[in-house]
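The values are calculated or read from the model by the stated rules, or taken from the named source; none is laboratory data. As the structure is a prediction and not an experimental result, all values here were calculated from the model. Counting neighbours? That spans all protein chains shown, and the Cβs are built from the backbone with ideal geometry, glycine included. Accessible surface areas use protein heavy atoms only, side chains included; no ligands, DNA or RNA. Shrake-Rupley method; radii C 1.70, N 1.55, O 1.52, S 1.80 Å.
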Amino acid sequence: MSPLLPYNDEPHHTTPVTFQWTRTVSNGKEMYVATGACPECGCTMTRRFTAAQYAQAKGGGFWSRRKDPGSQPFSTLCRCTSLHTDRPDGVEIGCGARITIASWTNGT
C-alpha cells in the first residue's frame, strides 16, 4: 500500500543518494536509467536520461541541460508513483523533494 505522506516541495537533499544506474539502448537511442529510493518519502523511483539530455545542469547548456556527462552530481525531483496527499494539480508523480542522485563517475 502506498504511504499517505504529504506532498512537500521544500526539501532539497544535496548529499548524493546512491541509485542503481543501468545503460540501455532502445530504438537506437542510448538511455541511462537510475533507480533508487527517495530520501524524503522512502518510495522507490526511476529516472530516465537520454544520452543527449543529462540531469539538471549547474548552468549553461540548452534549457539548462548538460552538454556532456561530466563529474557534477545529478539533481532531480522525486519521481515516485506513490500517493502523496495535497499534491498540486498538474503534478502526477513524486513527493515534491529535490534530490541529488549519485554522481556520474566513469561514463558507464
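If you check Val17, Val33 for being of a type in the set (Val, Ile, Thr), under 14 Å from Ile99 (Cα atoms) and surrounded by 12 or more Cβ atoms within 10 Å (Cβ to Cβ), only one passes: Val17.
For first residues located in the range 88-101 and under 16 Å from Phe74 (Cβ atoms), partners that are aromatic (Phe, Trp, Tyr) and assigned to a loop (DSSP other than H, G, I, E, B) and lie 6+ apart or on another chain with Cβ distances below 6 Å form the pairs Ile101/Phe19.
Checked against (1) open to solvent by 50 Å² or more (accessible area, probe 1.4 Å); (2) at pLDDT 90 or above, Ser26 passes all but a single condition, namely (2).
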